[in-house]
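*Asks:* My questions will all concern the structure given below.
Please treat every number below as a calculation from the coordinates, not as lab data. Predicted model, so just to flag it, every value in this text is computed and none were measured. A quick note on method: Cβ atoms are made from the backbone with ideal geometry, for glycine too, and the neighbour counts reach across all protein chains shown.
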Amino acid sequence: MAVIDSDDFVKALQDTGFDFFTGVPDTILGGIIEVLSDRRLYTPSVREDEAVAMAAGAFLGGKIPVVLMQNSGLGNALNVLMSLHLIYRIPCLLIISWRGFEGKDAPEHLVMGQTMPQLMETIRIPYRTLSSETLVDDLRWTAQTFMEQRIPVALFLKKGVVKTIQP
Amino acid sequence: MQSRAQAMQALFDLLADEPVIVCNGFPSREAQKIRDRPGTFYMIGSMGVAASIGLGLALAKPDQQVVVFDGDGNVLMGMGTLATIGALRPKNLTHVVFDNEVYGTTGNQPSYSRVVRLDHVAKAAGYATVERVWEREDILYEFKHMLANDGPHFLLIKVNEQIEDADRVALDPPEITKRFRAAVVG
């Protein structure tokens, strides 16, 4: 499977219309955040609930926001996603790194790694797992869901799909 | 000491069409009762992130003065955001905190703001202006000054525990989003 270049991925996000980027880092997201930071597009956040709330504020100000986070941070963000975005119909794109995928990771990632898809189904946030083969279609689907349903939509990002700064 | 509603009324009298994000609980209910306006975003949930929403809006609309009406319990819950605001230093953000030293909406359980100086925390975090006020004249003077100058500003208003008899927020949340966004973005 081809590895997506971080530059190409950021360009694809921008071409889709996304123009506000915040989040909390993860190693899997390192390359994307580096490119975004180089282009002065990225506003670092200190917690994932803060990040999704900043994205909500940016949307209220006319932006099309993206939040990058490790899946452990999804736990931090849950209350804001459920009692702000989902009930107020405020959309954003969540790019969530899938730590603990197939149980191959440090112990702290295993429970979230295993249950994340069910968790998203339970709170009814639509998601897809990104791959280089489906990138174009995934982003088209993301934009469509964002505009039509006006709720958060998630892309799961496994290790090695988008190039990171660390080998 | 003023009630939060009295202090809020004084602030609304100085506002034109600046967007205001109001934290959840009674502050939003009181804001609706005192001055319902399209440019007010009433929060009914997601405690602790009013300032984060305000920050996101301030970054998205750098030429627009953005005001946050927050509470001490809310600030304590999302205290990391003081660091984010202090680091990013958006010039167009005024963060007002009505500090009654209790969780008033849930029955006046004491908050740590009676021992922890939130204004000192904001100062240390790097807000451009930090003021702590009690009296109406001081509230008006400082808020006016903040709206006219570069921020980020932190206005800590010490208020009493009195809660205004105010109904729940009447608009449905998606209507609040639509109305607010139309007022801000046009």
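*Asks:* Among the aspartates and glutamates, which have Cα under 13 Å from the Cα of B:Lys91 when same-chain residues fewer than 8 positions away are ignored?
*Replies:* By straight Cα distance, B:Lys91 reaches B:Asp63, B:Asp150.
*Asks:* Once you charge only the Cβ atoms, +1 for Lys and Arg and -1 for Asp and Glu, what is the size of the charge dipole of the stretch B:124-186 about its Cα centre, to the nearest 20 debye? Walk me through the numbers on the way to the answer.
*Replies:* On the way: 8 positive and 12 negative charges, 70 e Å.
In total the dipole reaches around 340 debye.
*Asks:* Right, here's the next one. Considering only DSSP beta bridges where both residues belong to the protein assembly as shown, give the percentage that are antiparallel (nearest 5). Could you put the intermediate results ahead of the total?
*Replies:* On the way: 2 of 46 bridges.
Expressed as a percentage, antiparallel bridges in the protein assembly as shown total about 5.
*Asks:* Under a straight-distance cross-link criterion of Cα-Cα below 13 Å, which aspartates and glutamates are reachable from A:Lys158, leaving out those fewer than 8 residues away in the same chain?
*Replies:* Reachable aspartates and glutamates: A:Asp26, A:Glu102, A:Asp105.
*Asks:* Please get the size of the charge dipole for chain B, origin at its Cα centre, with Cβ charges of +1 on Lys and Arg and -1 on Asp and Glu, quoted in debye to the nearest 20. Mind showing how you got there, number by number?
*Replies:* Numbers: 19 positive and 23 negative charges, 89 e Å.
Rounded to the nearest 20 debye, it is 420 debye.
*Asks:* Can you give the relative contact order of chain B as a percent, counting alpha carbon pairs under 8 Å and 6+ residues apart? Please list the in-between numbers first.
*Replies:* Working: 363 pairs, mean separation 52.7, N = 186.
Computed value for chain B: 28 percent relative contact order.
*Asks:* Between B:Leu171, B:Val130, B:Tyr141, whose Cα lies farthest towards the positive end of the dipole of the stretch B:79-178 when Lys and Arg beta carbons carry +1 and Asp and Glu beta carbons carry -1, centred on the Cα centre?
*Replies:* Selected residue: B:Val130.
*Asks:* Let me ask something else. Looking at the stretch B:123-169, which trypsin sites (Lys or Arg not before Pro) are in a loop (DSSP not H, G, I, E or B) and have at most 11 other Cβ atoms within 10 Å?
*Replies:* Numbers: sites: B:Lys123, B:Arg132, B:Arg136, B:Lys144, B:Lys158, B:Arg168; in loops: B:Arg168.
Those satisfying the criteria are B:Arg168.
*Asks:* Turning to a different aspect of this structure: Shape call for the stretch B:21-93 from the C-alpha gyration tensor, a ≥ b ≥ c root eigenvalues: rounded (a/c under 1.5), prolate (a/b greater than b/c) or oblate?
*Replies:* Numbers: a/c = 2.55, a/b = 1.25, b/c = 2.04.
Oblate is the answer for the stretch B:21-93, as a/c is 1.5 or above yet b/c matches or exceeds a/b.
*Asks:* Using the structure shown, list the pairs from A:Lys104/A:Lys163; B:Lys123/B:Lys144; B:Lys61/B:Lys123 with a Cα-Cα distance above 22 Å, or answer none. Walk me through the numbers before you get to the answer.
*Replies:* Details: A:Lys104/A:Lys163 19 Å; B:Lys123/B:Lys144 19 Å; B:Lys61/B:Lys123 24 Å.
Exceeds cut-off: B:Lys61/B:Lys123.
*Asks:* So, with +1 on the Cβ of K and R and -1 on the Cβ of D and E, and no other charges, what is the size of the charge dipole of the protein assembly as shown about its Cα centre, to the nearest 20 debye?
*Replies:* Values: 34 positive and 42 negative charges, 44 e Å.
Computed charge dipole of the protein assembly as shown: roughly 200 debye.
*Asks:* For chain A, what class follows from the C-alpha gyration tensor (a ≥ b ≥ c being the square roots of its eigenvalues): rounded when a/c is under 1.5, otherwise prolate if a/b is larger than b/c, else oblate?
*Replies:* Numbers: a/c = 1.36, a/b = 1.09, b/c = 1.25.
Because its axes are fairly even, with a/c under 1.5, chain A counts as rounded.
*Asks:* Restricting attention to the alpha-carbon atoms of the stretch B:54-143, what are Rg (one decimal) and Dmax (integer), both in Å?
*Replies:* Answer for the stretch B:54-143, Rg first and Dmax second: 13.4, 39 Å.
*Asks:* Tally Lys/Arg at +1 and Asp/Glu at -1 over every other residue whose Cβ is under 15 Å from the Cβ of B:Glu137; what's the total?
*Replies:* Cβ neighbours under 15 Å give a net charge of -1.
*Asks:* Okay, next question. Set Lys and Arg Cβ to +1 and Asp and Glu Cβ to -1, take the dipole of the stretch B:28-156 about its Cα centre, and tell me which of B:Ala83, B:Asn100, B:Ile53 lies farthest positive.
*Replies:* B:Ile53
*Asks:* Could you tell me how many cubic angstrom of Cα convex hull volume the stretch A:23-91 has per residue? Numbers along the way, then the final one.
*Replies:* Working: hull volume 5.3 nm³, N = 69.
Value for the stretch A:23-91: 77 Å³ per residue.
*Asks:* Answer rounded, prolate or oblate for the stretch B:128-186, using the Cα gyration tensor with square roots of eigenvalues a ≥ b ≥ c: rounded when a/c is under 1.5, else prolate when a/b is larger than b/c, else oblate.
*Replies:* Numbers: a/c = 3.20, a/b = 1.37, b/c = 2.34.
Taking the square roots of the gyration eigenvalues as a ≥ b ≥ c, the stretch B:128-186 is oblate.
*Asks:* Using just the helices of chain A, give the 222 nm mean residue ellipticity in deg cm²/dmol: DSSP H runs with n ≥ 4 each add -39,500 (n - 2.57), and the total is spread over all residues, rounded to 500. Mind showing how you got there, number by number?
*Replies:* Values: 6 runs with 72 residues, N = 167.
Result for chain A: -13500 deg cm²/dmol, rounded to the nearest 500.
*Asks:* Mind jotting down a quarter of the surface of the convex hull over the alpha carbons of the protein assembly as shown, in square nanometres, one decimal?
*Replies:* If I average the Cα hull's projected area over directions, I get 17.4 nm².
*Asks:* On to the next question. Which log10 I(q)/I(0) values, to two decimals, does chain B give at q = 0.08, 0.18 Å⁻¹ under the Debye formula with one point per Cα?
*Replies:* Once normalised to I(0) and log-transformed, intensities are -0.21, -1.21.
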